[in-house]
Structures are given as C-alpha cells and as structure tokens.
1. What net charge is computed for the residues neighbouring residue 22, neighbours being all others with C-beta under 12 Å from the C-beta of residue 22, Lys and Arg scored +1, Asp and Glu -1?
2. Of all chymotrypsin sites (Phe, Trp or Tyr not before Pro) in segment 26-104, which ones are in loop regions per DSSP and have a Cβ with at most 15 other Cβ atoms within 10 Å?
3. Please report the net charge: other residues with Cβ closer than 15 Å to the Cβ of residue 105, K and R +1, D and E -1.
4. Which residues does a label at residue 138 reach in segment 76-106, if reach means a backbone N under 17 Å from a point 7 Å past the Cα toward the Cβ?
5. Suppose R0 equals 22 Å; then what is the FRET efficiency for residue 19 and residue 78 from their Cβ-Cβ distance, rounded to the nearest 0.05?
6. Report the label-to-label distance for residue 3 and residue 89 in nanometres (one decimal), using points 7 Å from each Cα along the Cα→Cβ vector.
7. Given H placed 1.01 Å from N in the peptide plane, which residues other than close sequence neighbours of residue 85 have an amide H under 5 Å from its amide H?
8. Compute the separation of the alpha-carbon centres of segment 66-139 and segment 21-54 and state it in Å as a whole number.
Amino acid sequence: MIDPRFIYLAALVSFAGTYGYIRDTVRGVTSPNRVTWGLWAIEGLLAFVVEIQQHVGLASLTTLMLGLMPMVIVVVSFKNPHSVWKIGRFDLFCGVISLSGLIFWGLVNAPTVALISFIAADQIAALPTVRKAWIAPATESSRVFFLGVVNCAITLMTLKHFTTAGVLFPGCILVTDLVIGLLVVTRLGQRLGGTASQSLRSAT
C-alpha cells in the first residue's frame, strides 16, 4: 500500500488525460462515442455514491473523477458536431443492455449480485468504444485510456484493505482502458483487415 494521499495524483492524472481528450474532440481529431461516455458518466457517479456509503475512503475521489470527466466529454462533444461518431444499432443495443444492468443493480437486494450487475453494465457500456478502437483507431486518442490505467493503478495501491467494493470497479476499468489504449496504438483491427467506413462517422 502507498500513502492514501497519492489519490490526489491519480485525480490529476485523470484530469490530464481527459483534458487532452476534450482538446482533441473540440479540434475534431477524436470522435467520442456518446453511448459509452454517457453511460460511463452515470455509472461513475453512481459508483461514487455507493463507495461513500460503504466508507471506501479517499479512493472514492478517483471514482468521482470517473463520473465527472466522461460527463464533460459528452457535453464538449456537442461543441463540434463534425467530431461525433455516428450511433449505430450495436451502440444502441449495448446502451439498452447496460441501462438494464443498472436498473437491475438498483432493484436487487443482494449486494454481491448487484455489484456484479453494475460491473457488467459498465463493461457493456465500453463495448461501442472497444469496437470503434478496433475498426477506426484514428478516431480515438490513446492517451486518456493509458492515463486511466495509471489512475486506477494508483487508486488500487492506496487501498488499505482490498475489499470487493473498493477493488472491482477501478480494477475492471483498468483492464478496459488498457485494452482500448492498446487497440488504438497498435491499430490491430486494421492490421487484421478491419476498416472504418466513412458512412459510420457523421455529424449529428
């Protein structure tokens, strides 16, 4: 375990990554998927409330950032309509399933089952951006995801006790961010034959 005050460094790292992503979105370099980022905002804020109730401690600050930063990205995406990724059926399907998971999380009375459904909802929300990083890595910015990995790693190391409530959410985000970041940098999808059609990208 490291000093809990390192959580402030994690929050700064998260801010730095999001700032770069916002800048690229405004410039039209990056095309955020509003389904993913919108759901990440909702889920991050909900997870923050849960962690406060369960006395996770200072580490919950990182979770708060995981909710606020995606919210800012969604808002900024309306500044440049030419940088917005067109929402398709796959995105909508993932969005509906993810929202269903959140509703189930809110209704179920079994803490462990509820937590699993919440994490599942978060991971499903990531799928549209995972798919986009696979077929069109040039429309993403890897920096925010790699800094997200650093953010979550620092958060995990500041925990005094490794509880399911404290570990599972940032741990899953760490893995997801790492996968997306690697897909963007390596352009693996394009190397294996995935191509991005211009019809998939349009202004709203």
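1. Details: positive: 23, 27, 79, 143; negative: 24.
So the environment of residue 22 carries a net charge of +3.
2. Details: sites: 37, 40, 48, 78, 85, 90, 93, 104; in loops: 78.
Qualifying residues, ordered by number: 78.
3. Working: positive: none; negative: 43, 51, 122.
Once all neighbours under 15 Å are counted, the net charge is -3.
4. Output list for this probe position: 82-86.
5. Working: r = 18 Å, r/R0 = 0.80.
That gives a FRET efficiency of 0.80.
6. Label-label distance for residue 3 and residue 89, simple model: 5.6 nm.
7. Close amide H contacts, sequence-distant or interchain: 34.
8. Cα centroid to Cα centroid, the span is 8 Å.
Just so you know, all these numbers are worked out from the coordinates, no wet-lab data involved. Everything quoted here is computed from the prediction, not taken from an experiment. A quick note on method: Cβ atoms are made from the backbone with ideal geometry, for glycine too, and the neighbour counts reach across all protein chains shown.
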